[in-house]
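Scroll down for the structure; my scribbles are underneath it.
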Amino acid sequence: MIAGSLAKRYARALVEVAATSRELDPVARELGEFVALLHAERQLRLFFANPSIQRRDKVGAYEQIATKLALRPLTRTFLRVLLEAGRLGELENVLRAYEGLVDERLGRLKAVVTSAVPLAAETQERLRQRLQEQLGKQVYLEARQDPGLLGGVVTRIGSVVYDGSLKMQLLRLREELVRG
Amino acid sequence: MARVSGWFRWAAVGCFLTAVGLAPALVEAAAEGGSEEQGIINLNITILIQALNLIILILLLSRFLYNPLKQFMADRAAGIERALAEAKLARESAARAQEEYRAQIVVTQREVGALREQAQREVEEERQRLLRASREESQRLLAEARAAIEAETKRARASLREEVATLILAAAERLLGRSLTGEDQKRLAEQYVRDLGGKN
């Protein structure tokens, strides 16, 4: 709860600054790329999390990475602030809170669409339109793949889930068989 | 005792009358004999003296033998009567005691009978109680056993159904994983979008 609250405070401050400079979405995208990099590079994650490494060394390494990623000044500064405050481990929570605040500010919703195989662009567009019609708000999709679904699509918007996967249908069938 | 004294008196009177009755004959016989020769019995003064002696003897006997004997007999009779009375009293007492004993035996027998009946009743009640308890216990055990069997059967069926369902699900997943084509995936996604629109 405390971590969530802290992440929201950071996210709210970043949203205010990004909104002023009209960089809400680019900042979110760059933060997402940095989070993905940390996920992909375990050594890098351990390096930033190691308390025995001097903070200035961490900042030096970060600056090199930020340069390679060509991060915009706002994103770059924000991440450095987090790093210097020893809160880089909260980055993922900050990103989620930031995305939620940006969506709220722009009056839009994020739909996480998971499918067994990548969806065609036109299918994604039709799905987005359907969701907008239903919810009366602008919707943008975040596509994910999960072969475990076997087939079909699962859409999650906030806490609401529209599960049309074959996996779920098989599970329902199994429940019916078990109940007899 | 009265009968004995009467008999003795009549015997004395008989002896006297015999002596008086025989006296003339004896006198005549003595006269005849005296005239001719000495007979067996000679009527003379001796006879009279003997008769008188006899009478005196009878009187003496009556005075000194009969009366003490009569007294003795009377005492003996009184003793016997007393003994008989005592015996009668003892017999009556014994009879009363016997009656009492008999009555007591009857009462005791009744009490024993009542106690026996009560004991039998209590035994029967206890037997019935034990029988009821045993029956209830057996019914309870039977019900528990039935419930346990039913629960176990249900559990086994559920487990079997679950196992079968899991196997079916795994088989279906394998089959779908092998048989679903890109076209099928596309069709499923399109179907999903259509169904989503229909949920309004």
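Counted by Cβ distance under 15 Å from B:Arg174, the other residues give a net charge of +2, where Lys and Arg count +1 and Asp and Glu count -1. For the stretch A:39-150, the solvent-accessible area works out to 58 Å² per residue, with a probe of 1.4 Å and every protein chain left in place. Annotation: amide H-H contacts under 5 Å for A:Val139 (H modelled 1.01 Å from N, sequence separation of 5 or more, or interchain): A:Leu109. Listed values for the stretch A:47-52 are Karplus-derived 3J(HN,Hα) couplings in whole Hz (6.51 cos²θ - 1.76 cosθ + 1.60, θ = phi - 60°), namely 4, 6, 8, 6, x, 7, and x replaces Gly and Pro.
Solvent-accessible area of B:Ile105, all protein chains in place: 90 Å² (probe radius 1.4 Å, heavy atoms, ligands and nucleic acids excluded).
Could you work out the helix-only [θ] at 222 nm for chain A, with each DSSP H run of four or more residues adding -39,500 (n - 2.57) and the total divided by the number of residues, to the nearest 500 deg cm²/dmol?
Details: 8 runs with 116 residues, N = 180.
-21000 deg cm²/dmol, from helical runs alone.
Residue pairs exceeding 20 angstrom between C-alpha atoms, taken from A:Lys167/B:Lys186; A:Lys8/A:Lys110; A:Lys110/A:Lys167: A:Lys110/A:Lys167. Divided by 2.2 N^0.38 Å, where N counts the residues, the Cα radius of gyration of the protein assembly as shown comes to 3.54. Protection proxy ranking for A:94-105, B:172-183, using the average of other Cβ atoms within 10 Å per residue and placing the highest first: A:94-105, B:172-183. Counting pairs of Cα atoms in chain A, how many percent are more than 24 Å apart? Roughly 51 percent, once rounded to a whole number. Of the accessible area of the stretch B:139-200, computed with a 1.4 Å probe over protein heavy atoms only, carbon and sulfur atoms account for 58 percent.
Rounded to the nearest 100, the interface formed by chains B and A buries 2200 square angstrom of accessible surface, both chains summed, with a 1.4 Å probe. In the stretch B:64-168, one over the average inverse separation of all distinct C-alpha pairs is 22.7 Å, which is the Kirkwood hydrodynamic radius.
When all alpha carbon pairs of the stretch A:118-159 are counted in 5 Å bins from zero, the resulting P(r) reads 5, 20, 31, 25, 14, 4, 1 %. When the Cα convex hull of the stretch A:83-155 is projected onto planes of every orientation, the mean area is 6.4 nm². Once all protein chains are placed together, A:Val160 keeps about 70 Å² accessible to a 1.4 angstrom probe.
Around A:Leu83, what is the net charge, scoring Lys/Arg as +1 and Asp/Glu as -1 over all other residues with Cβ under 9 Å from its Cβ?
Details: positive: A:Arg55, A:Lys58, A:Arg80, A:Arg87; negative: A:Glu84.
Local net charge: +3.
Of all beta bridges that DSSP places with both ends in chain A, some 50 percent have antiparallel geometry. Computed over protein heavy atoms with a 1.4 Å probe, the carbon and sulfur contribution to the accessible area of the stretch A:48-94 reaches 48%.
The values are calculated or read from the model by the stated rules, or taken from the named source; none is laboratory data. Just so it is clear, the structure is predicted and the values come from calculations on it, not from any experiment. All Cβ positions, even for glycine, are placed from backbone atoms using ideal geometry, and neighbour counts span all protein chains on display. Accessible surface areas use protein heavy atoms only, side chains included; no ligands, DNA or RNA. Shrake-Rupley method; radii C 1.70, N 1.55, O 1.52, S 1.80 Å.
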